[in-house]
Structures are given as structure tokens and as C-alpha cells.
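Notes to accompany the following structure.
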Amino acid sequence: MTTGALHVDPPGEVIRPGDATYDEVRAVFNAMIDRRPLAVLRCRETADVVRGVVFAREHDLPLSIRGGGHNIAGNAVCDGGIMLDLSPMKDLRVDPDRRTARAGPGLTLGELDGGTQQHGLATPLGAVSVTGIAGLTLGGGLGWLNGKHGLTCDNLLAAEVVTADGEVLRASAEENADLFWALRGGGGNFGVVTSFTYRLHPVGPVLAGGLSYPWTRVREALRFHHEFMAAAPDELSTSVSLALDPAGAPVVTVAVCYCGPHEEGQRVLRPFRAFGPPVADTIGAVPYLAWQSASDAAWPSGRLQYWKAGWLRQLTDGAIETMERFVPRMPSAASGVGLQRMGGAASRVAASATAFAQRAEQYDFLITSQWPDPRDSARNLEWTRAFFTAMQPHLESAAYVNNLGAEGQERVRAAYGDNYPRLAELKRTYDPANVFRLNQNIATATPQAQGSLTS
């Protein structure tokens, strides 16, 4: 079938080029992504997903899956194929007695948190509330509760999955356990998840906020934070940000979140708050929902986005010097560098226990370049690539899969690490024709990728 026009309508609620809402539904978080599917199928229940998958497979069309549309690579949208829009699938059922939640794939983090917090409960999620739960979970899920309760995928109890042949399976530790293993970190390679069941934990107001230091103290601040967190309790999670202040001067900020008793948290944080001293200290009791959305304003839709990422395990003098050299030259005041710490419970899970293999005390080092004007793209891309190249001697070969753009098969293999061979075998079992290929693909043959920036 040609990709210029769709001569047979998929079954269900379909949006096509020229329809009033077409441009709205194909737009995603990253404004660098401008792809045009032949049709968007709005899914409201599992049966819609089944029909869409079968239609795309039978007509040999590319198939993309949109949950929250927040993925940097823009894999939610395809050119010349069928896009399944799961955003209407927002069912949420919380069982406060069993401490579980069954959630639809169209929910955002904020929507899931909003439902579970009504009962004083939460599951570990990411740090930007407008992110979709589906992609976050399938890629791992690193957030403010990772030290105490692990990654999002570590708290997944079960999933309903539509496979490439249109079959609906339940995956859990007891049913289709191999598929369940693959879903916890293997991305969208094995099917379309139409419901997630999570383990919940009691979570009330957190002790959270930021400690900011002048750029003249960046070396001392980074080293002190690194040494302090090596002995910190699991209840404390942190994320370091290197950015420009409103006047255009570089500044280092350490965001903290303590999810245990506040009196104990105050004691734990006292040495950190005394260091420097900081030029700003905003730490205090914060409702968990408010903290989960505290950084949303820094991530508006509509900006051009280009990210580069890697795991940083050793905070060497060379790594610090490289950051110190590049951050003040940042071409866009909206950009930044994040070092979100993974540790505690998330780091202690065996690398082979789930598909998420990168288990260690480490930082998710992430250069987040964003800018509004396409005329500035060349200099922002150049700065980001040069910075990442300079950092590579200090980084692991692997990156957090949810932060990867379209960077080639070698980077994908590194992200899945030692679990890649097992994932490839399961891919051959559940999707031998590689129907689900618009992702960080575990290909069964030559990868079929849509055009994008690859470096």
C-alpha cells in the first residue's frame, strides 16, 4: 500500500489529515518532531487497540503508539502509518486496602498521583507530572521515590498487553512471566499495554526543596553532594541541576526529597544545609502532589528539544571540569544539565531481575537542550554534541533508555546491557515481524527506523 493516502479506514474513531484536530493530536512534547501519520485511531478501550494493531499489520503499515507524547525521540508519531492514540484511556481504580492501582495507559503522572494521593498512597513515578505513565513505566521510571521504593517498573504488578497478532494477554509474575520480565524496562517492543497494575506505598507530605550555590562553588558543591549521598538513607533522593539564572549567570542547585518522617529528615539534611552556606534554601514540608509538579514549568510543550544522556558513576575531576567549562557557554537560557541520582532500593535490584539492567549507585546525566526559535537550532545542536563528546570519557557506555533519541542500534544495545540477548529472544517470540519497531528497538532483523536526528 502506498503511504500517500489511506484507501481503507481503520475501524473506530479515526482522525485523518485535513480533519480539524489532526495537527493537535499529532503534536508531541518535542517540537522538532513533525511527522504525519495517515490516520490517528483514538482508542478508548482494549478492543480499539486490538483493531488498530491488526489493521496496521494486515495492511503492512508503520504503527506508532502514543501515551503521553513526552518521549524525546517522538516515537509516538509515525510518518505514513497508523498512530494509536491511547490518551483517552484514563481509567483508574485504586484499592487502598490492597494498596494497588489499576491504571489506563493514557494517564499522566499527575493524574495517577492525583488518584492515589486521595488515599495517602503513591507508586514511584518520574519527576515531571505531564509525562505519560506508559512510556515511563516500560522504560524503567526514575523519580523522587527511587531510593526508598525503587523504579516505577519495580512496582509494576501486572499488565494487560495487546500483542502483534492482536491477542490480549495478562502478564504478571504468575502469568506470561517472561513477557512480564520484558515489560519492566524493555520499552514498547513487545506489545501495547492497555492497563498497568501498580503496588502503592504510604506517602504523605515530603520534606523537599532546593539548595542553590554560586558557580564559583560548583566544584565543592558537586563533591560535597556526592560524598554526602554515599551515606544517605534510602528516604533521601536528590537531583543536581546546572543551569543559568534569570540574569544569565550559571548556578548549581541540588533538589532534595525526603519521604520519611520530617523530624528525622531535618536531622539528616542539617549538614547539607549548613554546607556553603547556600545562597538559597527552599527546603520545607511540601504536599507530595505539589512536589511532583514543581518542575513542570521548565518543560513546556512547543519548544525544540535535543537531549544527550549517559550514566555517570564516577564523579571524576575531569567530569566536573568538563561541566564547569561547558555550562557557562550554554546558548539557550532554557537548557540545563541534570544529574538525577539513582540509588538505594533501585540500585540494589539484581540486573537480571527485570529488563532494566543498569542497576548501580549512579547519576542519570542528562543534557537537556531546549529553545523556541528554529533559527537557533544549529548552535544549540553544536553545543550539545560538543559537550556530550567531551563528557563521554567519564560516562558509562549505556544511557537510561527513556532519555535516548534516535541514536542508533549500538546505543540501544548498550542501554539494555547484558539483558539484550534475552530481550531479543523474547522479541522473536512475541513480535517476530517487528510490528512494534517505532521505539528503542530490539530488532529481530535489520531495524526499520523512521528518519530523525541520529547523533
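Where a number appears in this text, it was derived from the coordinates with a stated rule and is not lab data. Computed from a predicted structure; not experimentally measured. We place every Cβ from the backbone using ideal geometry, glycine too, and count neighbours over all the protein chains shown.
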| task | Using only alpha carbons, build the gyration tensor for the stretch 13-85 and give me the equivalent ellipsoid semi-axes, biggest first, whole Å. | result | 18, 13, 12
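Show me the ranking of peptides 410-422, 377-389 by mean Cβ neighbours inside 10 Å, starting with the highest.
Ranking, from highest mean packing down: 410-422, 377-389.
Assuming a viscosity of 1.567 mPa s and a temperature of 4 °C, what translational diffusion coefficient in µm² per second does Stokes-Einstein assign to the stretch 206-403, Rh being the Kirkwood radius over Cα pairs? Let's see the in-between values first.
Numbers: Rh = 17.6 Å.
Calculated translational D: 73 µm²/s.
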| request: Evaluate the distance, in nm, between pseudo-label points positioned 7 Å from the Cα of Ala177 and of Ser352 along their respective Cα→Cβ axes. | output: 1.4 nm
| field | Modelled label reach - Ala249, point 7 Å along Cα→Cβ, the stretch 193-230 residues with backbone N closer than 14 Å | value | 212-218
| said: Tell me the Rg and the Dmax, in Å, that the Cα atoms of the chain produce. | reply: 21.4, 68
| message | In Å, what Kirkwood hydrodynamic radius results for the stretch 165-285 from the alpha-carbon pair distances? | response | 17.6 Å
| remark: For the stretch 13-85, the dipole about the Cα centre with charges only on Cβ (Lys and Arg +1, Asp and Glu -1), to the nearest 20 debye, works out at 80 debye
| Going by average Cβ neighbours within 10 Å, how do the peptides 351-357, 119-125, 341-347, 298-304 rank, with the highest at the top? | 119-125, 341-347, 351-357, 298-304
| request: Only residues of the stretch 162-177 count here: report those whose backbone N is under 14 Å from the spot 7 Å along Cα→Cβ of Glu58, or say none. | output: 165-167
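If each residue of separation counts as 0.36 nm, what is the full-extension length gain between Glu13 and Arg217 once their alpha-carbon separation is subtracted? List each step's numbers first, then the result.
Working: separation 204, 0.36 × 204 = 73.44 nm, distance 5.63 nm.
Gain in length upon complete extension: 67.8 nm.
Only helical DSSP H runs with n ≥ 4 go in: add -39500 (n - 2.57) per run for the chain, normalise by residue count and round the 222 nm mean residue ellipticity to 500 deg cm²/dmol.
Working: 14 runs with 124 residues, N = 455.
That calculation yields -7500 deg cm²/dmol at 222 nm.
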| remark: Taking a straight Cα-to-Cα line shorter than 13 Å from Lys148, and setting aside same-chain aspartates and glutamates fewer than 8 residues away, one finds Asp234, Glu235
| note | With +1 at each Lys and Arg Cβ and -1 at each Asp and Glu Cβ, the charge dipole magnitude of the chain around its Cα centre, to the nearest 20 debye, comes out at 600 debye
| Dipole of the stretch 92-202 (Lys/Arg Cβ +1, Asp/Glu Cβ -1, origin at the Cα centre): which of Leu121, Ala158, Gly191 lies farthest to the positive side? | Leu121
| remark: The alpha-carbon pair-distance distribution computed for the stretch 92-202, with 10 angstrom bins and whole-percent values, is 16, 52, 28, 4
